[in-house]
Amino acid sequence: MKNIDSHTHVNGQSVYLDDIPLIHGTLFGAAYGSPIAHGIITALELEDALQVPGVVRIFTYKDIPGENQIGGIIPDEPLLAEHHVHFCGMPVAFVVAHTLEAARAAVHKIKMIIDPLPVITDPREAQAKGELIIPPRTFTMGNTTQAWQQCTSVFEGSVDINGQEHLYIETQGAYVVPQEHNALRIHSSTQGPTAVQRTVSKVLGLPMHQLEVVVTRLGGGFGGKEDQANMWAALCALAAWHLKRPVKYALHRMEDMVMTGKRHPYAADFKIGLDASLKIIAYEVTFYQNAGASADLSPAVMARTLFHCTNSYFIPHVKATAYSCRTNLPPNTAFRGFGGPQGMFVIEAAIALAAEKLQLDACSIQKANLIQSGEAFPYGQVVQSEAANCWEKMETLYDTAAMREAVKAFNKSNHQYKKGIAFMPVCFGISFTNTLMNNARALVHVYTDGSVGISTGAIEMGQGVNTKIVQVAARIFSIPTDKIKINPTNTYNIANTSPSAASATADMNGKATLIACTAIAARLKQVAATVFGTTNIIFENEQVLANGESTGWDWKKLVHEAYIQRVSLSEHSHYATPEIHYDINKEKGHPFAYHVFGTAILEVTVDCLRGTYVTDAVKVVHDFGASMNTDIDRGQIEGGIVQGIGWMTMEEVVYDKEGRLRSNALSTYKVPDIYAVPKELLIEALQTRQDNLAIFGSKAVGEPPLMYGIGIWFALRNAISAFSPSANIPFTTPMTPEKVLMALHSKKATGDIHQHAEKASYLGINH
Ligand code: MTE
Ligand code: HPA
Ligand code: MOS
C-alpha cells in the first residue's frame, strides 16, 4: 500500500504547523537566548526592545503563573532563565509582537549583563569535576577482573564521538489559540503531545484537561521533538494565556540549531580481551555522555548506550559504566538510535583495534562473536537471535569473500585511490527502556455509512505510521483503505500518550487499533450471526460471508443494521506491551519486546590525494520479521543509512571553548546530499519468525538502520590503512575529508607503539 500522504506531500497540500491558517489577531513570538554559555545575570534591559514598533509585551520568568520548570525526567530546566544561564541560546525572555519581524527586531535590542562563570564543554572534564546529571550506572555480566587471565590478547583504546544536528526539515514551533473556559488549543510540532500538555500544565498551573494539543504531522522529528518541542509550546502558551490572543512561534533555522540540543557526543575508554579462537572473552567500557546543561532525556539515552554496548555480540564478561556529564551546551536529547549508536561505535572500535593489532580482518572477529539464540545480553535478556542468519545470508547473496579479495586486488594496483570494506552487524532492542512508557490507546469510530475514523497517540513524522494504522483497520474490517481516515493526534481524543519514539509507534498504536477494530468487528459479527443464524461469519472484500457463502450483505449494510439495533460502533482500546520488565537496582530484566537484527557490508573509495571519498555500495540483509509495508520500510532503511553516513562522515557539530555553536547554519554544517548516497544501495529481507509483539509480525524499522551507517567509518579506516599501514587513525568521529587527509599522511608516534608494547606485556599479552 502506498503511503497515504504521498500525493499531498508532492502537491504541497499536506498540512504542517506553518500551514495552519492564522486566526485574526494572531501575535508572533521570538525567544531571546543567552549570548554566553555560563554566568550570572546581573541585569536584563528590555526598554529598547519594548520601543520597537509592534511589540506587545516581553515575558520573563516573573510572568510564569505556575512553575518555571520544563524538565521531563529531572526537574532541572527552567523555561526562562532566572539568575543563572547555563548554555548559549538558553531562553531568557520571550518577545511577542504584531509581526514576526518586529518580534525578531526586538530580540536584537535586548541587552543582558552577565558575570561570566567558567564554561565546560568536555564531558571528561565535567565528570572529573563531579558535574553529573545522575549517578553513574554500571552493567555487569560475568567477572571481567578474572577474565583477563583467559585472554591471549588484550587491547585498550579511547573514543571521541561527535553529536548530530537533527535537521528536521520543519523547524520547531507552536501555535497556541485560547479557547472558552480558560482552555488552550496548542498546535505543536511535537513527537510527544502529552509531554507538551504536561509541560504547559505545569508552567501555567492549569489542569491537563484544559489543554488540547493537536498535531497533524511533523516535517521530521528524529527524536529532536520528543521532549524539546515542549519549550516553544510553553512559551506560546504563556503569552497566549496572559494576552488572551493566539500566539505563534516557528523557529528560524539558525535559532533552532543554536537553541536546541542534538545527538549526544560521547567520550569512552575501552578494554577488550580475546582468546586464541578470536572469542571476545571480556569487555570493559566507560562512557562519558555529554548531556549538556540539563537532564532532558539524557538519563534514558545513557541507559540505551549501556543496553547496546555489546551490539550484536555475546561477550561472557562485561563491565560497562556510564556517566551523564553536565556541560554548558544546550541539553542534548533523543536522536534516532537514542544512545545505542554511540555504544555500538565503541565496541566496533574495540574490535577494529584488536583486528589491526592481530593483523586480521575485523569481520573474522565480528563473525566469531555474533550472539546466538538462548544467550543473554549483560542486562539479562535471553535473545531470539537472527544475527548469524543475517550474516550468513549476506555471505551467500554477495560472496563477501570475493568482495574482500576484489578490494585487495584493487588496492594493489592503485596508488591514488584505495578502497575499504567493512561489515556492520546491528542488534537493536524494541521498547521504551522505561517499561511504564510501553502502552498506547486507540479510538475507532465506524460511522453509519461504513466509513471509519481512527485516532491514536501516534505522530506521523514521515515514517509512515498512519499508513500502517490504516492497513491494520483495513485488514480487520476487510474494507478498502479509502474508507479509513486517520485523524490528527489530539490529547482530547487520546490521553496520556507516550511520545512517538523508540521505533515502537506502529507496534503499540497499531496493536491498540487492532484491539479496538477486533472488538467492533466482534459486535458486528454478533449482529450478523443473529440475522443469518450461524456464528460462522467472516468479512471478505467488504462482503459478509456466512458459513463461507455470500449473504448478499455488504459491510455498509451490516454497519447500518448494527446501528438500528443500537449496537455500539465505537471502541476505545488500550494496549500495554506484555512480557517486559526491568529491575534497575539489579540492572537485569527483560526490557525489550524483541530485538531487530541486520548486517550491512559497506564499501568506499578514498581519493588519497584529496582525502575525499565516495560510498560505492551499502548492502544490507535486514530482519523485517514479515514487513507489512515493504515500500515504507525500505524508505526507512534508506533514510536511516544516509543519516548514519552523515553522522559518521560529514556532520560536524562544532562548539568553541566558550560554548558557542560555530556550525550554526547549513553553510557550516554539512549534511548528506544526493552525492553522499551510496552509489549502490541494496536491501534484502530476512523473513524471520513473526514475532507476535510486532504488529502483524512486521518488526519495527525506524531506528535500527541508522546504525548500518557506522560501518562507513570503519570502511574509511580500512581504506586509509591500505594506503598507509602505519597511519595513525584515532577513533574520533566524524571522519571528514580533512580528517581522512590528515590520517593518510600521519604516522603512529613511535612512542605510542612503544607504550602500547609496554602495556601489552604488563597485561600479559603474547602479541
Ligand atoms: N523517519 C522520518 N521520515 N522522519 C522522522 O522523523 N524519526 C525516526 C524514525 N524514522 C523519523 C523517521 C525515529 S528517531 C524514530 S524513533 C521512529 O522513526 C519513530 O517512528 P516509529 O516508532 O513509527 O518507527
Ligand atoms: N527510546 C526512545 N525514546 C525514549 C526511550 C527509549 O528507549 N525512553 C524514553 N524515551
Ligand atoms: Mo526516536 S530517537 O526514539 O524519536
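A short reminder: the numbers here are calculations on the coordinates, not readings from a lab. It should be emphasised that the depicted structure is a prediction, and the values quoted were computed from it without experimental measurement. We place every Cβ from the backbone using ideal geometry, glycine too, and count neighbours over all the protein chains shown.
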- request: Measure up LYS319/LYS586; LYS111/LYS657; LYS511/LYS699 against 18 Å on the Cα-Cα distance and list the ones that go over.
  value: LYS111/LYS657
task: Mind putting a number on the dipole of the range 439-576 about its Cα centre? Charges go on the C-beta only, +1 for Lys and Arg and -1 for Asp and Glu, and I need it in Debye to the nearest 20.
output: 240 debye
query: Compactness ratio of the range 439-576: Cα Rg over 2.2 N^0.38 Å, N = residue count?
result: 1.07
- line: Given a Förster distance of 35 Å, the FRET efficiency implied by the Cβ-Cβ spacing of VAL567 and LYS244, rounded to the nearest 0.05, works out to 0.20
- line: The ³J(HN,Hα) series, computed from each phi in the range 154-165 with the Karplus coefficients 6.51, -1.76 and 1.60 at θ = phi - 60°, rounded to the nearest Hz and given as x for glycine or proline, is 9, 10, 10, x, 9, 9, 10, 10, 8, x, 7, 7
Whole-Hz ³J(HN,Hα) from phi, Karplus 6.51 cos²θ - 1.76 cosθ + 1.60, for the range 680-696, glycine and proline x: 10, 9, 10, 10, 10, 8, 9, 6, 10, 2, 7, 4, 7, 8, 8, 5, 6
field: Relative contact order of the range 201-310, pairs being alpha-carbon contacts under 8 Å that are 6 or more residues apart, as %
entry: 17 percent
query: To two decimal places, what compactness ratio does the chain give when its Cα radius of gyration is scaled by 2.2 N^0.38 Å?
result: 1.00
- request: Check cross-link reach from LYS2 to the aspartates and glutamates: straight Cα distance under 18 Å, and skip same-chain residues fewer than eight apart.
  value: GLU460, ASP482, ASP631, ASP633, GLU638
message: Quick check: residue separation of ASN692 and THR152 times 0.36 nm, minus the Cα distance between them. What number comes out in nm?
response: 190.2 nm
- prompt: Straight-line reach from LYS419: which lysines have a Cα under 29 Å away, not including same-chain ones fewer than 8 places off?
  reply: LYS271, LYS279, LYS357, LYS367, LYS393, LYS408, LYS619, LYS670, LYS679, LYS739, LYS747, LYS748
field: Protection proxy ranking, peptides 393-403, 209-219, 284-294, average beta carbon neighbours within 10 Å, highest first
entry: 284-294, 209-219, 393-403
- request: Name the long-range amide H neighbours of ILE4: under 5 Å, sequence gap of 5 or more, or other chain; modelled H, no Pro or chain starts.
  value: THR467
- request: Positive end of the charge dipole of the range 621-703 (Lys, Arg +1 and Asp, Glu -1 on Cβ, about the Cα centre): tell me which of THR668, VAL621, THR649 has its Cα farthest that way.
  value: THR668
query: LYS109: which aspartates and glutamates have alpha carbons under 12 Å from its alpha carbon, excluding same-chain residues fewer than 8 sequence positions away?
result: GLU45, GLU47, ASP48
task: Find, among the trypsin sites (Lys or Arg not before Pro) in the range 71-171, those assigned to loop by DSSP (not H, G, I, E, B) with at most 14 other beta-carbon atoms within 10 angstrom.
output: LYS129
- request: Report, in debye and to the nearest 20, how large the dipole of the chain comes out about its Cα centre when Lys and Arg carry +1 and Asp and Glu carry -1 on their Cβ.
  value: 100 debye
query: How far apart, in nm, are the 7 Å Cα→Cβ label points at ASN547 and ALA183?
result: 5.2 nm
query: Kirkwood hydrodynamic radius for the range 1-132: how many Å is it when counted over pairs of different Cα atoms?
result: 17.6 Å
Phi to ³J(HN,Hα) by Karplus 6.51 cos²θ - 1.76 cosθ + 1.60 over the range 668-675, Hz, x for Gly, Pro: 10, 10, 8, 10, x, 10, 4, 6
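Could you line up TRP148, TRP391, TRP647 from fewest to most neighbouring Cβ atoms inside 10 Å?
TRP148, TRP391, TRP647
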task: Please list, in chain and number order, the residues 5+ apart from ASN332 or on another chain whose amide H is under 5 Å from its amide H, with Hs placed from the backbone.
output: LYS262, GLY292, ALA293, SER294
query: For the chain, what does -39500 (n - 2.57) per DSSP helix run (n ≥ 4), summed and divided by total residues, give at 222 nm, in deg cm²/dmol to the nearest 500?
result: -9500 deg cm²/dmol
- prompt: Which FRET efficiency, nearest 0.05, do ASP269 and SER478 yield, Cβ-Cβ r, R0 51 Å?
  reply: 0.35
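Is there a quick way to get the dipole size of the range 152-208? I mean about its Cα centre, with the Cβ of Lys and Arg at +1 and of Asp and Glu at -1; what is the value in debye to the nearest 20?
Using only the charged Cβ atoms, the result is roughly 420 debye.
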- prompt: In what sequence do ILE20, ILE564, ILE280 fall when counting other Cβ within 10 Å, fewest first?
  reply: ILE564, ILE20, ILE280
task: Compute the distance in nm between two label points, each set 7 Å from the Cα along the Cα-to-Cβ direction, one at LYS129 and one at ASP656.
output: 1.9 nm
field: Rounded to 5, the percent of DSSP beta bridges in the range 439-576 classed as antiparallel
entry: 85 percent
query: What order, most packed first, do the peptides 47-55, 298-306 have when packing is the mean number of other Cβ atoms within 10 Å of each residue?
result: 298-306, 47-55
Qualifying chymotrypsin sites (Phe, Trp or Tyr not before Pro) for the range 655-759 [loop in DSSP, other Cβ within 10 Å: at most 16]: none
message: Please arrange VAL258, VAL15, VAL653 by how many other C-beta atoms lie within 10 Å of their C-beta, fewest to most.
response: VAL15, VAL258, VAL653
